[in-house]
Each structure stands twice: as C-alpha cells, then as structure tokens.
1. Report yes if some residue within segment B:139-158 is farther than 21 Å from B:A247 by Cα and outside any helix (DSSP H, G or I); otherwise report no.
2. When both residues are 6+ apart or on different chains and their Cβ atoms are under 9 Å apart, which pairs have a first residue that lies in segment B:242-264 and is farther than 15 Å from B:L368 by Cα, and a second that is among the acidic types (D, E)?
3. Does segment A:145-166 hold any residues that are open to solvent by 10 Å² or more (accessible area, probe 1.4 Å) and either within 30 Å of A:F284 (Cβ to Cβ) or touching a residue at least 60 places away in the same chain (Cβ under 8 Å) (or both), and which are they?
4. Could you identify the single residue in A:F125, A:F134 that is within 9 Å of chain B (Cβ to nearest Cβ), of a type outside the set (G, A, S) and in contact (Cβ under 8 Å) with a residue 40 or more places away in the chain?
5. Restrict the check to segment B:190-207 and report whether at least one residue is closer than 23 Å to B:S254 by Cβ, in a helix (DSSP H, G or I), in contact (Cβ under 8 Å) with a residue 40 or more places away in the chain and not hydroxyl-bearing (S, T, Y).
6. Can you name the number of the only condition in (1) within 11 Å of chain A (Cβ to nearest Cβ); (2) at pLDDT 85 or above; (3) surrounded by fewer than 24 Cβ atoms within 10 Å (Cβ to Cβ) that B:K390 fails?
7. Could you give me the residue pairs with C-beta distances under 9 Å whose first residue belongs to segment B:499-511 and is touching a residue at least 60 places away in the same chain (Cβ under 8 Å), whose second residue is of a type in the set (G, A, S) and open to solvent by less than 70 Å² (accessible area, probe 1.4 Å) wherever it lies, and which are 6+ apart or on separate chains?
8. Within segment B:428-472, which residues are within 9 Å of another protein chain (Cβ to nearest Cβ) and hydroxyl-bearing (S, T, Y)?
Amino acid sequence: MNWVGTLATSAISLGTMLAVAPLLDGIQRKIAARIHRRIGPSILQGYRDLAKLFARAVSLRVKGSGRIYAILPSAYVATYAIVALAIPTALAFTPLCGDVIAVMYLALFGEFLYALAALDTMNPFAATGASRRFFMHLFSEMPLLLAVFALSMSRIVGSTSIASISVSVMSLALCLRPSYYIALAAAALTLLALLEIQPFDLSTAEQEILGGLEAEYGGRDLSLLKLGELLKRMTMLGLFIAVFLPWGMQRSIVFAPLGAAAFVAKALAIYSLASFLSQAFARFRIFNATRVLTYALALAVLSLILSSAGD
Amino acid sequence: MPLPEPRNLLLIPVGLYLVASILSFAPSRRLGYYRAMLGLISAASLSFLTVAPLLYVLYPGREIVVLKNLPVPQSSLVVSIDTLSLIFLALINFVTLVSAIHSIKYIETFAREGADLRLYTACTALFALSMSMAVAVRDVLWFFIFWEIMTITSLSLIAYSYRERLVRFSTYLYAALMHVGALCMLVGLFIPLAHAHVHSWSFSSFYSSLRSLTPILAYASLTLMSIGFLSKMGIAPLHLWLPDAHASAPTPISAMLSGVMVKAGVYGLIRFCILGVAAVYASQLYGFILLALAAVTIFVGASYAAHERDYKRVLAFSTVENMGIVLAGLAIASIGIAVGSRLLEVLGLVAALAHCINHSAFKSLSFLSMGTVLRATGTRCLDEVGGLGKALPTTSKTAFVGLASAAALPPFNGFISKYLVYQTLLAAAFVLSPWFERFASAIATLALLASSAFTSMALAKVYGLTFLGKPRRESVEPEALSERAALIIAAIACIGLAMVFPYIVTGIEKGMGLPMLVTVWGYIFLRIRSSWASAPLSMLYIAVGVLVALGFAAAAQRSREVKYLHPFVSGVEYDVERHRPRTSAIDGYVAGYLARLLGIERRVERRYSVQYWTTAVLEYRRVVRRPLIGSSLRIGEAFERVLYAPLRSVVLGIGRGLRELQCGRLNLYIVYIFIAFVLTAIFLAVVRP
C-alpha cells in the first residue's frame, strides 16, 4: 500500500503538472491582453505554440557549440519532470524523493545545465541571462527554503519531507501560529520571482538581452525549452501549494481526481493573481529584484525566530 | 620456522614509501626514473589500501607496536587502526594513488623548466607516509612528529616553483600559520598530560588524564588544540593560507592538500577535541562557537569562489567552503554530546565524516582534471582557456562529474552528504530547547543555502569557460594515458560513492560503535520524528531518470535536420574574440553584490562623451564603485584587511619601537646599564631586605 501510494502520488503529480503547464502561458497572455483592452489569444494558445514549434522539421544550432547545448532542452524538461515527481499534489502520500531540499537542489541542477548551455553558445547575452538566473535563484532559494524550514523545525512537523509538512498544515495545528503566516508571506514573495513573470523576467528579457539563451534555439528544441520553463513554474507553484496551502489533498487513492482538480484550481488561481499583479510593474532591474527578495529573506528569518520560540 | 605475524604486513607500504623517497635521490637525471618512483609511490599507496582494512579486521582496536625501546623517554611507536583511522587512511592513500598516477605525465612540465625532480618524488612519498602514520599512531608525541613532517614536506612541495614571487609569498604565509597552529596544538596536547603527571605519551594516558583537569585548564587546552586543527582545516579566519597554497602548489599536490591534508585537521579535531576534551568537559558554548566559525567559513569560501578568475583558486575556496560544512556537522555533534542527545551526536559525526569522504573524492577529481588543463595550456586564468572540450575529451567528462559533485548537485555524491548536514542542523533546531539555540542551528542553514548557489555558479563558470564553446587555442597537448587512468579512477570513485552511500553511512555507524540512528535501506531514511520520517531520497531514481531522459533526447536529436548559424548578437556580425563571454559576464552580478557586502571594491571615475545629433558633445562624469576583480589574479581578502593588517601593523610597530632602544650610541647603552644597576639595587634593598 505504501509503495502504491508513493507511485500513485508521483505519477499523478507529473501527469497533472505536464498537462496543465502550457495553460499557464495562455492564461498569462489572456490576462495581459484583457488589461491592455485587447481580446488576446485563446487560453489554449500555449498548447498550440508548443505543438507548432515541435512539428518544425528544421532545428537551428549554434556553430561550434557542444553537446551540453544540444541536450539542454530535453535535460531541462527531464530535470523538472523529476522535480514534479517529487512534489505531492493530489494525494498526501510521500512521493519518490519528496524532500524539499532535494527538490530545490534538483532545480539548481537544471539552472547549472542552463548556465553551461549558455556558455556553450558563446553568446554574451545568453551568458548574461544565465548569470541573472543564478543571481535570482540564489536570492529566491534562500527565503523560500528558510520559510519552509521554519515550518519543518517546529515541534509539530520535525521533518523536511513535503508530504509530512502538508499533513501537518492540513490538520490546522500550524495555522494557529504567526510564524506560519509570516513564512507564507515570505514564500509568496519568493514565488513571484521563481515564476519569472513580468517584473522578474530578467533572464530572458527580450528588450535588454534579446531573450538570452532562448534566442539560440528554434523548432523542436525551442518548444522543449519552453515546456521546461513552464514546467518549472508549475513545479514551483506545486511546491508552494503543497507546503503552504495543501487543503484539498486527498488521503485515499480513490479520490485522486478530486485532489488533482483542487490542485489545478489552486495553481491556476495563484498564477492568474500573479499575472494580474505583474501587469502593474515594469521589469525590475536586477538590484530592485534582489531588494524585494531581501524583504522576503527578512520575513523568513522572522518566521524562523518565531518558530524557534515555539510560536 | 614460524610464519611471520600479519602485523608485519604494515612494513610493506611503509617500506615502499621510504624506499621511494630514498631512491629519489639516486644520481639519475632521466624522466623515466622519476616516473618509476611515482609508480613506486602508487604501489605503496595501493598496498596501504589493502593492508589497512586487513589489519582493521585482524586487530580490531588493538595496538600494534612498530618500534619500542626508543631513545625518546616513555615513548614507543604504536599503531592501531580503528574505524576513524581506517577512514582517513583509505582517503589519504586513495588520493595519493590517483595523484601519483596523474603526476607521471605532469612532471614533464617540471622537467622542461629544469626543476629538481628528486625533491618532488621524495617529498610526495614522505608527505603521504607522514599523513598515513599521523592518523594511525596511538602516541601523542609521535602524532606531533608525523604532523610536523607532514607540514614540512607539504611546505617544500608548495614552494616547488619557488622562482615565482607569489609562490614564495604563499609559502611564507603557509609556514607562518602552520607554525602558530602546530605550537598551539602541541601546548594544548601537553597540558592534560603535564597536569596529570603521567609518564607516558600514549593516547590512553591522554584520555585518562583528561578527568583530572581543572575546567580552566581544560578550556585552555581545548582552545589551543582547536586553533591548531582549525588552522590546518582552513577555517576562517585561519584559512588565509589555503587558497594561495593551493594555487601555488603543483596541481597533483593541490589535489593531495585539498583532498586529504586539510582532513588531517578534521581527524585531530574529532580525535582530541570532539571525542576528547570536549566530550569530558562539554559545554554547548564550544559547539556554538564552532558552528559560528563554520557559518562564516562557508560564506567566505563560497563568495570568494564566485569572485575568482583563477580556476585553482576557485577550487581552493570551494575547499574552504566544504571544510566549513564538515565543521558544521562536527559542531552539532559536539553540542549533541554536551546536551546528551545521541541523535545529534550520531547525525553530526556521520554527516561530517561522510562529507570528508565525498569531498576527498570529488575535490581530488576536480583538481586533477584542472591539472590536465593547466599542463595542456599552461595558464590558470579562466579568460585564457576555452573550448578545450574537443581537445581533452576524457578530462572534460571527468571534470563535469567532479565539478557538479563539488557544486552539490543531486545525482552526484557531494549533494548527499551536504543533505545530511542540512538534516543535522534542522534536527538540532528540532531537538534543542532554549529558543536561541534552536534559532542558531536553524539560521546556520542560511550559510549553506547561500553557498550552494554561489559555488554552483562559480563551478559552472569554471567548467563552461574551460571546456565549452569554440576552442581558443590552435594546438593543445593531448591527454596522456596515465592522466586518463587517474581521472577515470577518481570519477568512478565519485559516482560509486553516490551509489553505495547508504552502506558507507551504516559502516561509519557500526564501526564507530554508534547507535544506528541514521538507518539506511537503500536510501537515506532519517527518523527525526518517528511517525513521519524525512523523505526517502534515492540517488538511483534520479540518476536513472536523468539517464533515460538523456537517452531519449539523444535519440530524438538523431533524425532531425539541423541548420547551423552563428550566435545571435543583436544583428551585429559575430566575432568570437570580441563577443565570447568572459568571467565577468557570468559572475558580474554576484561579484558586484558581494563586493558591496564584503567591501572589496574600488572607486573608478568614469567619463562618457556622447556625440549628440547636433554638433554638441555631451560630457558625463560619474564615480562608480567596481568590484576589485579583473585587476589581478589574486583578490585581497576582507579578512586580510580587517584582521591581519592591524595585527601586522601592531607587531611591526612594537618591533619598530624596540628598535629605537637599539640606537647604537654608546652613551645610551651606558645609561641602560646604569638604570639596570639602580633597579637591581632598589630591588635588593627594598623588595628583599
């Protein structure tokens, strides 16, 4: 039963996230268009774009580049697919390697490969984009994980397993404590940066660095890379939801579709809110972005103090 | 005729090392001869690798007398191999093995420069032997003797290219810090023995003498010993020697310094402080001081690694960071002993030892890979190498394994032990009781978090700028068979350690006689809380998943039509030399941020003049603060300015003041004699009537 639960949790997480990820693109563009008083593309435009790019016969490559650049799109998708396997979404069982530290370090592995591919293209803009990505990842990883640690070190949880944190939060025992809300605020600020939408989309800024590394891909490679980036947003949403807003997760495999539906509803609601907010800001310069994330860090440290004091 | 006792097997590796060091001084000038000596050294290390486990099984915890009736009073050379010794013996001899094999090609560069190869092979053999003996002896005096031999031989190896000014500087720095450290260590070790009036230098009398110490003496001894061992480990602020020494030493020697010599400090700290004095006179304060030092060290190491342009210095600062991670585990173990929590003790010790093992593997691999690069290109600057992946295929693959492990990325071994250290710190935050102790252990994870992104960026920079992209050089010397063999052995060790890691953890727990708290069934399963275990984390799943995905990717690529273009740089014609990314393109943001944080920056006045579309020329002047990178290969550290420069000026000031007394005038000396006479008279008349 334990193994069945583990495998079912992982499989459902990966399936849901892969299926829903392209929807994020459509929603964001729709919301942006409506705010600009345009009709905008259909919500399903994300799927169409990916399919069209994927069907292209010719792939574009950079002359003189190596193997890491060639495999990056698939490797990026693979990395975040493994991350998706590790995050419980519909069921509150422990998934495969479902540990919050492992999840963030796997994500770091994806960024490591991204930076190597950027250097492999010999394109200075791609290198700058990768540099920004690392800088942002550094500043978002610290507050996010500290906020999760504030929950996991409390005497109710005592574990860094995502599923066990979800179960404790669902039982409402943590929600009576101020440290939970402060950690939630810190993680929410960080989530905006990890989603890489408007004010934080520094690593692929078209107007400044010509899309960074994305400019060097075309056809099937580009569609895979875009899918990987959408999957990254989805996994980060999934991590946030599983740790801080897990209500709706099911404890029985029979109700898995219900849990999946609840997860998709929460993820899309949060993403819509984020894309709505993003329209109010112009793109940050890098030090503005890190300043915002420094506030998140301060909040996370505060929640850590409160959690140490037993609140 | 009776069979020789198995304990005599120990004489084989010791004898081989000694023979290698003596034969090195034979009057031969041929390269092949020194290659044979390196072969002898690797044979010695290989025999140690087989003999040590054998003796561990045959004489569990029993002492093996090697030499007795020595002229030194109350001391005999006694060796015993327990689990702690066995771990370090295995590490030392493994790293010696791969370094010696790698050196077979590397010494060509010295032969070309006309350097003295006798010194290289002799010192390497003695260095490995003294390290091995230092972790195996059971006698304080002999421990100190081997420790000093280790320091002196490593010193002469660091000074090997002494014609460069920077090498001489780093040798002096190393000598000075090690001198202070060894002196402190000796006094610290001597205090308990002297206080108990025991007439023996053996470890057992050292441990039994601890009980009779007064607390003040115990803390004095603990502090002095810790200074000695921490300076060897390269813990901030005593880490100053480490990056310079690693950058100056020949690269296979850097692998040995970083892979195992700094671990000698870990061994001493565990043996004499954590399980010695601190276990008897345990205070939590000691553990928290160590934890604070560890956090500072991790942060310093990671941030300077992100700055550097010299790839050997990047790796050296990564060593500083990793030693900080090891120290964090040891600090929690010490706190656990103080508060009587077996969980923290076991977790801390296991995490620290596991990280030592992994660090030895991946750091020696990284250093040796970059050693091949250094031999093939002759430069340590990241902006001068580039695109070597095609010329050095094996090296580029092994370097990826080593650097990704060093960056603590999941399928590789560096991550697993770092994960254990995270779990240790969080377990401390869960178990301890006053809120500030919980907070202190939890906030220490912040240093680990900061370090992970910094070092992964620094190591991505090293790998990307060295191996990826278009080649910068026309001709690169190809890699030799011996180099390839050494690198592949080390890479297999790295990957193998990740795969068998659970068994290593179980082995450490069983061997050290600890309760099996970090229980292992094919994956790490930490029972911090009985009902909800921390998540199972299987490296195998991840590795297999990545491999399958990459296989699919490779299969998908094959059938596609591919069109090759130049990189897109905003419509301008692409020019490799003008447009290729340099170090500052990668580390610019982090370097700028840290420069502000650590105060390593300089003020530069920038002038702009813009030709406006009319005839006017607009002039701008602006003072900007720029990070101090790009000016030289060596960044002055914040610690150098904040701590060491004032210390140096105080000492020099005192010296200058004393020199005023020695002015060389005869009448002043007569005045001195007169004053001394008067003072003596007063003393005799008044104080002792």
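The values are calculated or read from the model by the stated rules, or taken from the named source; none is laboratory data. Everything numeric here is computed off the predicted structure, so don't read it as measured data. Note that each Cβ is placed from the backbone with ideal geometry, even for glycine, and that neighbours are counted across all protein chains shown. When the accessible area is computed, the model is the full protein with side chains, heavy atoms only, and any ligands, DNA or RNA have been set aside. Shrake-Rupley method; radii C 1.70, N 1.55, O 1.52, S 1.80 Å.
1. Looking for residues that are farther than 21 Å from B:A247 by Cα and outside any helix (DSSP H, G or I), one finds at least one in segment B:139-158, hence yes.
2. Note: pairs meeting the criteria are B:P243/B:E308; B:P243/B:D310; B:P243/B:E637.
3. Result: A:R155, single match.
4. A:F125
5. Among the residues of segment B:190-207, not one is closer than 23 Å to B:S254 by Cβ, in a helix (DSSP H, G or I), in contact (Cβ under 8 Å) with a residue 40 or more places away in the chain and not hydroxyl-bearing (S, T, Y), which makes the answer no.
6. So B:K390 meets the others, but not (2).
7. B:F501/B:A354; B:F501/B:S417; B:I504/B:A354; B:V505/B:A354; B:I508/B:A354
8. Selection gives B:S441, B:T445, B:S452, B:S456, B:Y463.
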